[in-house]
Amino acid sequence: MSWMEPSQSAGNFAKKTDNMTHPIPRPVFAGDYNYDGKYGIEDLNILVKLVGEISNELDMTGDSVIDVQDLRMLIENRIRTKMGDINLDGKVDITDIIQLSNNWFFFNPNAGWQHGDFNGDNIVDNIDLLFLLSQ
């Protein structure tokens, strides 16, 4: 785990759930969106579901938009791995491709990074495969 500088604070933010906004307290570390004191799959899943949102507090890059650049910062600078690394073992390899293929075109309302759903649409499909292969 990396200790953050005070300027990296993610601030207060809100998580959308069932079309309702619920306040979530400020994370201790920027990118630690589930407040467990470390960076991992759950943080990625929260951030992926918020892509496209406007948030000064959640944004990790300073542009007020939650996008792939924020995801990249969490993965590369906090988790210290590569985009497309499903199991977070530090590399994108056949293990990640197998995990993605095991969930291929299976709609799952709880799908997340660990299933290969990189864009948060709850289904592992061609978009996710292209994302993995482009890494």
Picking from Lys38, Lys91, the residue that is at pLDDT 90 or above, assigned to a loop (DSSP other than H, G, I, E, B) and farther than 22 Å from Ser134 by Cβ would be Lys38
So in the range 43-56, with the set limited to residues that are in contact with an Asp or Glu (Cβ under 7 Å, 6 or more places away or on another chain) and outside any loop (DSSP other than H, G, I, E, B), which one is nearest to Gly120 (Cα to Cα)? Leu47
Restricting to the range 89-135, count the residues that are out of contact with any Leu (no Cβ under 8 Å at 6 or more places or on another chain) and of a type in the set (Val, Ile, Thr). 5
Report, by residue number, each residue of the range 66-99 that is touching a Ser or Thr at 6+ places or on another chain (Cβ under 7 Å) and either closer than 22 Å to Leu50 by Cβ or polar (S, T, N, Q) (or both). Ile66, Gln69, Asp70, Met73, Ile75, Arg78, Asn87, Leu88
How many residues are among the hydroxyl-bearing types (Ser, Thr, Tyr) and closer than 18 Å to Ile123 by Cβ when one looks only at the range 62-109? 1
Anything in the range 74-88 that is in a helix (DSSP H, G or I) and surrounded by 18 or more Cβ atoms within 10 Å (Cβ to Cβ)? List them, or say none. Leu74, Ile75, Arg78, Ile79
Return the residues of the range 107-121 that are surrounded by 14 or more Cβ atoms within 10 Å (Cβ to Cβ) and of a type outside the set (A, V, I, L, M); say none if nothing qualifies. Gly112, Trp113, Gln114, His115, Gly116, Asp117, Phe118, Asn119, Gly120, Asp121
I'm told Leu71 meets every condition in (1) touching a helix residue (DSSP H, G or I) at 6+ places or on another chain (Cβ under 9 Å); (2) modelled with pLDDT under 90 except one. Can you identify the failing condition by its number? (2)
Suppose we keep only residues that are free of Cβ contacts under 8 Å to residues at least 40 places away in the same chain and within 13 Å of the chain's Cα centre (by Cα) within the range 60-73. Which one would you say is surrounded by the most Cβ atoms within 10 Å (Cβ to Cβ)? Asp70
Cβ pairs under 7 Å, 6+ apart or interchain, first in the range 86-107 and closer than 19 Å to Leu44 by Cβ and in contact (Cβ under 8 Å) with a residue 40 or more places away in the chain, second not hydroxyl-bearing (Ser, Thr, Tyr) and not in a helix (DSSP H, G or I), ordered by first then second residue, are Ile86/Gly116; Leu88/Gly40; Val92/Lys82; Val92/Gly84; Val92/Asp85; Val92/Gln135
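The values are calculated or read from the model by the stated rules, or taken from the named source; none is laboratory data. Computed from a predicted model, the values in this text were never measured in an experiment. As a convention, Cβ positions derive from the backbone with ideal geometry for all residues, glycine included, and neighbour counts pool all protein chains shown.
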